[in-house]
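Here's the structure, in C-alpha cells; my notes come after.
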Amino acid sequence: MTHTAPGENPKTPLQETAGQAQLDPVMVTMTFHTNKPTELLAVLAKYIVIARMDPLARNIDLVASVTKPGRLTVIEKWNSAVAQQAHFNGATMVEMATACEGLLTTPPDIDLHEPVSMHDLR
C-alpha cells in the first residue's frame, strides 16, 4: 500500500499506473446466486481447481452461505492487481463465466478489495 502525506488523497492499486501499489496484493470476491446449486457448484469447483494452479494466485476459496441457500462466494487473493487483471482477462475466467450461463438468477456481484490487513498464515 502506498503511504501518503497528511492532506494528500491516497491512491488505491487500481488508481496507480506504476510503482509499488501495482505490486501490492489484492483480493476479489465473486458472489453468485442460483436456483441450480449442484450445477453451479460443479462449474465453480472446476474453476477453483484450475485457478489455484496460477503461480500468482495466493489463495482461492469457495464458500456457500448457510443463511441464504443458493448463494456461493469465491474469494481470491492475488499477488498484485496486475496478476488479478491478467487472470480476469484469461481463458480460465472466460470459461467459467461461459459455463455459468443459464445457472444464475442474478448477475454475479464482483468486488475488488485492496489490503488493509491481509496476511497469509503460511
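What follows draws every value from the coordinates through simple rules; no lab data is involved. Owing to the predicted nature of the structure, the values given are computational and were not obtained by experimental measurement. Positions of Cβ are backbone-derived with ideal geometry, glycine not excepted, and every protein chain shown enters the neighbour counts.
Please list 3J(HN,Hα) in residue order for region 94-105, calculated via the Karplus relation 6.51 cos²θ - 1.76 cosθ + 1.60 where θ = phi - 60°; whole Hz, with x for glycine and proline.
4, 4, 5, 4, 5, 5, 7, 4, x, 9, 9, 8
Near L56, within a Cβ-to-Cβ distance under 12 Å, what is the net charge of the other residues, with Lys and Arg +1 and Asp and Glu -1? Don't jump to the answer; show the numbers that get you there.
Numbers: positive: R52, R58, K77; negative: D54, E76.
Around L56, the surrounding residues sum to +1.
Modelled label-to-label distance, M93 and A42, 7 Å Cα→beta-carbon offset: nm?
In this crude spin-label approximation the distance works out to 2.6 nm.
Taking amide hydrogens as modeled 1.01 Å from N in the peptide plane, which residues meet the under 5 Å criterion relative to D24, leaving out close sequence neighbours?
Hits under the 5 Å cutoff: A81.
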